[in-house]
Amino acid sequence: MMAILFQRSTYLCSDLNNGDYINKFECMICIDSLSIFLNNVRIKIEENDNSILISEAKKLIKIGKFKDERIKTFYNSFLYMLILILKNVTIENRDNIKHPLTENVNKYLNRLNRKFSSKSFEVRYAIRLIFVMTLTVSLCKIFNISHLYWIPLNALLLLQPGYEESNKRMITRPIGTVIGCIIIFFIYPYLPGVTGIFILSFLMLSIMYSLTPGTWYQPIFSTVYALSMASLSMNNTTAIQMRLLYLFIAVFIVMLVNNLLFPNKKEYMFKLNINTLNDIQFMSWELIYKSLLSHIDNGMFHNALNYFHMIYMDSENYIKGMEDTNKAKKYRDILTVHWRMLSEAEQILWVIQTRSIDYNDMENLFRLADYFTHLEINDLFIDNDYLNDNFIFEDDNVNYFTRQYIININRLFEIYKNINI
């Protein structure tokens, strides 16, 4: 739980530091208040009874009336996680924690089944990889030519999950290989026999593994290494010719497969990532539903959080490279709203985990979780009157975060109406 607190705090602090649109004064009050309380926890935390610290944390939640949505979310997230830690750290609660609910096997299998779709990123890459490796290895088996294994080896290095990354390597690898061939052609005559070849090979291998794959200079060292070793069993000039020929055969095969068979272009990958963010929102409400029934394993949300930020960062990198600034702004708004929604769902989860809400609020959350897990979030618009008539929460924090979540759902709905994704 300490690890989750640290991880969440890192993500939230990172968000607080982005841009000038955050209320700096409120941010200072928030951080100052939390740091003082955390120092107090460090001094007073014990294994027998932390009820005084828990009461202080709940009091801080009540008096922390921040106007900025991001700061309020961060503030409550930190304190609710600390309350959970303070409760579970005591010997009595450690012994009484029930066996946590794990993920439902059927739902896991359903998600796995979706992964085997032809639209899945993993399946599309796997099909291309199977096709390329089957073709290139078959060439090795059919034609008994020396060092023909260089074709599948080069093809494996050229074929990447992303279409653009593969195209980049089909430029950088030939450049590095040609430079490497020129270097070995001129220095080979001056090598002092087998000992010199082994020393050069060891040096090239050491440098090669310290460089970033996919760059134009990394293949220089791998080429010098491969050709120096190949020269022990064949003429150096012949080895250079074969190295270049096999590389260009591999480039041709990979280029053909990359363009004709399920190309994973960046735009397609971005759309998949956005759909994945919707799935993660769905998963968060599944966890809320489970937490209302029993104590859940905090690692389940920890995994969802890691997955979310991996997708978030990948999507953000794509947006940074876009030329259409208007479209990029809308895409960035989608990411921001998804981040806020997950943070708000997390707050609701921690409130439930601390058992700080009454029966009526739990019943309403049951119905709300059931409502969200049966609808597509990006096609959903929730009217405030509908919310007021059907979901009334007595707990101020649950009421605040559910309403903020619904406001953000409506924001997503408006964004999706004006953009094709």
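Just so you know, all these numbers are worked out from the coordinates, no wet-lab data involved. All figures in this text were calculated on a predicted structure; none of them were measured in a lab. Note that each Cβ is placed from the backbone with ideal geometry, even for glycine, and that neighbours are counted across all protein chains shown.
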Would you work out the relative contact order for the stretch 129-282, in percent, from Cα pairs under 8 angstrom that are 6 or more residues apart?
33 percent
Row for the stretch 122-260, column shape: gyration tensor on C-alpha, a ≥ b ≥ c, rounded if a/c < 1.5 i.e. under 1.5, prolate if a/b over b/c, else oblate; value prolate
Computed FRET value (nearest 0.05) for L109 with I199, which takes r as the C-beta separation and R₀ as 51 Å
0.40
Inter-label distance for E323 and S120, nm, one decimal - labels placed 7 Å from Cα along Cα-to-Cβ
3.5 nm
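Place a +1 charge on the Cβ of each Lys and Arg in the stretch 122-260 and a -1 charge on the Cβ of each Asp and Glu, then give the dipole magnitude about the Cα centre in debye, rounded to the nearest 20.
I would put it at about 140 debye.
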Answer with one residue from F372, Y405, F308: the one whose Cα lies farthest towards the positive end of the charge dipole of the stretch 265-421, charges on Cβ with Lys, Arg +1 and Asp, Glu -1.
F308
Any idea how far apart L232 and M28 come out in nm if each label point goes 7 Å out from Cα toward Cβ?
6.8 nm
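Once you list every other residue whose beta carbon is under 14 Å from the beta carbon of A226, what net charge do they have if Lys and Arg are +1 and Asp and Glu are -1?
Around A226, the surrounding residues sum to +2.
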Cut-off under 29 Å on the C-alpha distance; same-chain residues fewer than 8 positions from K330 excluded. Which lysines are left, in chain and number order?
K24, K67, K72, K115, K119, K168, K265, K266, K271, K320, K417
What net charge is computed for the residues neighbouring E394, neighbours being all others with C-beta under 9 Å from the C-beta of E394, Lys and Arg scored +1, Asp and Glu -1?
-4
D370 neighbourhood, Cβ < 13 Å, K/R = +1, D/E = -1, net charge 0
Does the stretch 112-192 classify as rounded, prolate or oblate by the C-alpha gyration tensor (a ≥ b ≥ c root eigenvalues; a/c under 1.5 gives rounded; else a/b over b/c gives prolate, otherwise oblate)?
oblate
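Can you figure out the FRET efficiency of L245 with T215, using R₀ = 22 Å and their beta-carbon distance, to the nearest 0.05?
Given R0 = 22 Å and the Cβ-Cβ separation, E is 0.40.
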FRET efficiency, 1/(1 + (r/R0)^6) with R0 45 Å, evaluated for N420 and S35 via beta carbons
0.50
Any chance you could check the Cα centroid distance between the stretch 219-243 and the stretch 403-421 for me, in angstrom?
58 Å
Tell me, how many Å apart are the Cα centres for the stretch 273-302 and for the stretch 146-180?
40 Å
